[in-house]
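So the structure is just underneath, and the comments pick up after that.
The values are calculated or read from the model by the stated rules, or taken from the named source; none is laboratory data. On a predicted model such as this, the values are computed, not experimentally measured, just so you know. For neighbour counting, all protein chains shown are included, and Cβ atoms are generated from backbone atoms with ideal geometry for every residue, glycine included.
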Amino acid sequence: MTGDAFEAQLVDALAEANLPTLLLALAELTGEDRWMEPPLRPVPARGPSDNDSGGFDQEVQQQIRDEATAILSAWKRGDLTPAPPPPPERLAQMLSMSLGELLPDGFGDLLAEEMGLADRHVEIGSPAERSALEVLVIGAGLSGLLAAIEMKRSGMQFTVVDKDAAPGGTWFENCYPGAGVDTPSHLYSLSFAQRSDWPRYFASRDQLFDYIASLADEHELGPHLRFGLEVTDAAWDEATQRWQVSAVDSEGQAHRFDPHVVITGVGFFNRPQFPRIQGLGNFQGPVVHTAQWRPELELEGMRVAVIGTGASAMQLVPRIAPITHRLLVFQRTPQWGIPHPNYTRAVSDRAMWLMKEVPFYQAWYRGRLLWTFGDRLRRQVQWDPDWRDSDLAVNDANDRTRRFLTEYIRSELGERADELFGKCLPDYPPFGKRPLMDNGWFRTMARDDVDLITDNISEITSDGIVTADGVLHEVDVIVLATGFQAQRMLTPMEIRGRSGRTLRDVWGEDDPRAYLGLTAPEFPNLFSLLGPNSFVGHGGSGILTIELQVRYVMEMLALMTRWGVTSVECRQEVHDAYNEELASALAQTIWAHRGMSTYYRNTAGRIVVPMPWTNVDYRQRVRRPDPEDFILNFDRASSSSATP
């Protein structure tokens with residue numbers, strides 16, 4: 001593109017620029033602080049918006065665009081030499097100045113990595129050292145594929161198996177109408193594989209699946225991927241220092257693997273949770289779980305029942321309501337729905353052009369999201385012991401959110417607010433359950449052809465659903481939006497460790513525990529990505545957690561190859577001390593609130609899914625494995641252990 005063409009396109013695109021992002025890009029390009037200081041310092045955003053205008057009046061907005069045009073055109077012509085790359089602490093200072101908020105220590109290192117300015121890749125030894133370890137990855141979703149990408153970059157020997165017919169994991173299996181991500185697209189992507197052409201600010205399922213499939217293609221993972229294989233069991237063989245893994249294909253044929261290391265990337269949104277409702281099997285019409293959606297299912301003109309009001313229901317119901325004859329929503333617990341102006345918004349061609357062509361613009365857009373959609377929200381989930389009314393909120397910030405969302409719900413219900421407000425308003429604090437983006441849920445509840453039913457379900461008959469008040473609700477189709485078996489991690493695989501006990505023996509049915517959410521005593525060379533207590537419950541991107549965990553595992557593999565270690569096993573005392581610290585920190589969070597049900601807690605009430613740490617803190621904890629935390633085995637022929 002010539003300089004004149006670039007400038008013409010730039011002038012046009014800047015009309016839609018996010019000005020706080022643009023100012024940071026100019027500050028990095030020029031090395032000048034004036035872009036982050038008054039009168040060019042943005043007004044802090046209110047609510048979850050991107051704050052596109054920065055709060056500037058029209059005159060200042062135009063001044064910023066004019067100066068940006070001149071500077072970026074000079075850069076394009078080669079008349080402006082970019083300033084030296086800022087170190088991490090400088091990046092954090094720049095973002096802090098722009099936001100008008102103090103960022104925590106260590107945020108700069110995380111920011112540099114997430115902006116793609118610092119590489120998380122780990123190099124692993126010589127070819128001979130790398131060949132000493134064979135790795136099996138279970139799962140070809142984002143977790144498994146990231147592990148595969150990093151091992152391929154390092155020259156490791158590895159195989160990835162997945163029960164599905166293609167990569168994608170959650171985003172392969174969940175294809176119900178309206179399915180999509182509730183994290184901004186520009187944050188919900190790998191730090192080294194950011195996209196400038198996301199079609200929506202919150203990507204749809206199909207867009208996410210395409211992104212994941214493209215990762216497998218671009219990194220030429222095909223020869224390492226084996227689909228249609230479901231792992232049934234794995235047993236550690238102390239004599240050979242290997243795992244003996246069994247899998248079965250769709251025809252029932254058995255397959256065997258004997259890797260040194262097993263990495264599970266199956267997550268906890270991979271096994272549907274089916275409700276125990278009397279008579280469910282008696283219904284004569286179609287019954288489908290959202291996680292096992294059948295695209296050929298006919299809903300148009302039908303009486304459709306949706307059981308459940310969680311994340312999948314909040315996406316599905318507004319999408320199908322316009323085509324059904326009548327939609328009946330059976331609710332056990334109301335949900336907080338958080339409005340976001342970008343949730344259904346398409347990314348314009350102008351915005352895509354800026355992401356692609358303006359230096360540092362996309363990186364800073366992601367960097368702003370890292371804070372505003374991540375650790376900035378952690379204060380919402382921390383108990384204030386002096387807070388006066390802990391039934392409805394846990395601190396002042398949480399209460400302000402509750403009051404804002406309460407009025408939002410009332411306004412969305414419109415003329416039916418008097419009738420529906422009591423049914424739709426949660427009686428527990430916001431963020432107590434997984435935060436959900438409002439996809440038009442409350443407006444849909446207010447439709448004349450939608451019934452919100454809060455009576456308990458007594459039974460299901462051949463032609464409908466009977467509630468506790470004795471009413472039979474006749475329907476043609478039943479949709480189960482009842483979530484996943486999140487607490488039963490790694491089920492139904494039977495994984496048998498060094499002592500002969502299985503993970504299910506150690507964990508019970510729903511009480512998984514691990515050191516750093518990654519590894520457990522008695523199970524050498526087994527690493528579980530997105531394992532127990534490693535979900536970021538306060539906000540942010542699960543992909544960030546995956547990247548941090550994969551680096552930790554790669555550092556461990558590097559240690560093993562460098563020192564000739566055949567097995568690593570977390571020490572029991574290290575595991576126990578970590579879980580005691582974890583429990584103490586979790587007790588101070590909103591998820592310990594007893595006034596609600598949530599898949600974050602198991603049947604005994606223990607919090608097993610989210611972590612209490614900030615992203616910055618967790619990064620520090622998993623930055624590099626400490627050999628002292630592990631029993632290291634150097635001799636294939638014996639079980640003796642030592643630490644160099």
ask   = For segment 261-290, what are the residues that are among the aliphatic types (A, V, I, L, M) and either in contact with a His (Cβ under 7 Å, 6 or more places away or on another chain) or surrounded by fewer than 23 Cβ atoms within 10 Å (Cβ to Cβ) (or both)?
value = Ile277, Leu280, Val287, Val288
ask   = Going by the structure shown, is Phe107 crowded, with 16+ Cβ neighbours inside 10 Å, of a type outside the set (A, V, I, L, M) and more than 26 Å from Arg366 (Cα to Cα)?
value = no
task = Tell me, yes or no, whether segment 427-443 has at least one residue that is surrounded by fewer than 18 Cβ atoms within 10 Å (Cβ to Cβ) and more than 21 Å from Tyr343 (Cβ to Cβ).
result = yes
ask   = Has segment 622-635 got at least one residue that is in the same structural domain as Glu150 (by TED's automatic domain parsing), in a helix (DSSP H, G or I) and under 29 Å from Thr183 (Cβ atoms)?
value = no
request  = Return the residue satisfying two criteria in turn: it lies in segment 374-400 and is surrounded by 21 or more Cβ atoms within 10 Å (Cβ to Cβ) and either β-branched (Val, Ile, Thr) or out of contact with any Phe, Trp or Tyr (no Cβ under 8 Å at 6 or more places or on another chain) (or both), and of such residues it is nearest to Asn615 (Cα to Cα).
outcome  = Gly374
remark   = Listed by first then second residue, the pairs whose first member lies in segment 220-237 and is on the phi > 0 side of the Ramachandran plot, whose partner is loosely packed, with under 15 Cβ neighbours inside 10 Å and assigned to a loop (DSSP other than H, G, I, E, B), with beta carbons under 8 Å and at least 6 positions apart or on separate chains, are Gly228/Ala165; Gly228/Ser250
note = Checked Arg226, Arg195, Arg242 against criteria (out of contact with any strand residue (DSSP E or B) (no Cβ under 6 Å at 6 or more places or on another chain) and closer than 24 Å to Leu490 by Cα); the one match is Arg242
Single residue of segment 326-340 satisfying the filter (within 25 Å of the chain's Cα centre (by Cα) and β-branched (Val, Ile, Thr)) that is farthest from Asp50 (Cα to Cα) = Thr333
ask   = What's the number of the condition Ile323 fails, among (1) surrounded by fewer than 17 Cβ atoms within 10 Å (Cβ to Cβ); (2) under 25 Å from the mean Cα position of the chain (by Cα)?
value = (2)
query = When segment 79-125 is examined, which residues are found to be within 30 Å of Glu7 (Cβ to Cβ) and polar (S, T, N, Q)?
reply = Thr81, Ser98
Selected residue (only one of Ile607, Ile546 is closer than 21 Å to Glu509 by Cα and surrounded by 16 or more Cβ atoms within 10 Å (Cβ to Cβ)) = Ile607
remark   = Selection from segment 303-320 of residues within 24 Å of the chain's Cα centre (by Cα) and either among the basic types (Lys, Arg) or farther than 28 Å from Asp427 by Cα (or both) yields Arg319
ask   = Restricting attention to segment 215-248, and to residues there that are more than 22 Å from Ala165 (Cβ to Cβ) and of a type in the set (A, V, I, L, M, F, W, C), which single residue is surrounded by the fewest Cβ atoms within 10 Å (Cβ to Cβ)?
value = Ala239
ask   = Condition test on Tyr343, is it outside the structural domain of Gln194 (by TED's automatic domain parsing) and either crowded, with 19+ Cβ neighbours inside 10 Å or over 19 Å from the mean Cα position of the chain (by Cα) (or both)?
value = no
request  = Return yes or no: is Ser196 more than 18 Å from the chain's Cα centre (by Cα), hydroxyl-bearing (Ser, Thr, Tyr) and under 30 Å from Gln315 (Cβ atoms)?
outcome  = yes
task = Please verify whether segment 465-480 includes one or more residues that are outside any strand (DSSP E or B), touching a residue at least 60 places away in the same chain (Cβ under 8 Å), assigned by TED's automatic domain parsing to the domain that holds Arg326 and surrounded by 15 or more Cβ atoms within 10 Å (Cβ to Cβ).
result = yes
message = Any residue at all in segment 123-135 that's within 33 Å of the chain's Cα centre (by Cα) and either closer than 21 Å to Tyr365 by Cβ or at pLDDT 95 or above (or both)?
response = yes
message = Consider segment 1-48. How many of its residues are in contact (Cβ under 8 Å) with a residue 24 or more places away in the chain, hydroxyl-bearing (Ser, Thr, Tyr) and farther than 14 Å from Leu99 by Cβ?
response = 1
task = Taking Ser189 as the residue in question, decide whether it is of a type in the set (Ser, Thr, Tyr) and in contact with a Gly (Cβ under 7 Å, 6 or more places away or on another chain).
result = no
ask   = When segment 148-159 is examined, which residues are found to be part of a helix (DSSP H, G or I) and either surrounded by fewer than 24 Cβ atoms within 10 Å (Cβ to Cβ) or outside the structural domain of Ser528 (by TED's automatic domain parsing) (or both)?
value = Ile149, Glu150, Lys152, Arg153, Ser154
ask   = If we scan segment 485-497, do we find a residue that is at positive phi, at pLDDT 95 or above and not assigned by TED's automatic domain parsing to the domain that holds Gly464?
value = no
Pair list, Cβ < 6 Å and 6+ apart or interchain, from segment 400-429 residues that are more than 25 Å from Ile590 (Cβ to Cβ) to residues that are crowded, with 16+ Cβ neighbours inside 10 Å and among the charged types (D, E, K, R) = Ala417/Arg410
request  = Please state which of the following conditions Glu114 fails to meet, knowing it meets all the rest: (1) out of contact with any helix residue (DSSP H, G or I) (no Cβ under 8 Å at 6 or more places or on another chain); (2) at negative phi.
outcome  = (1)
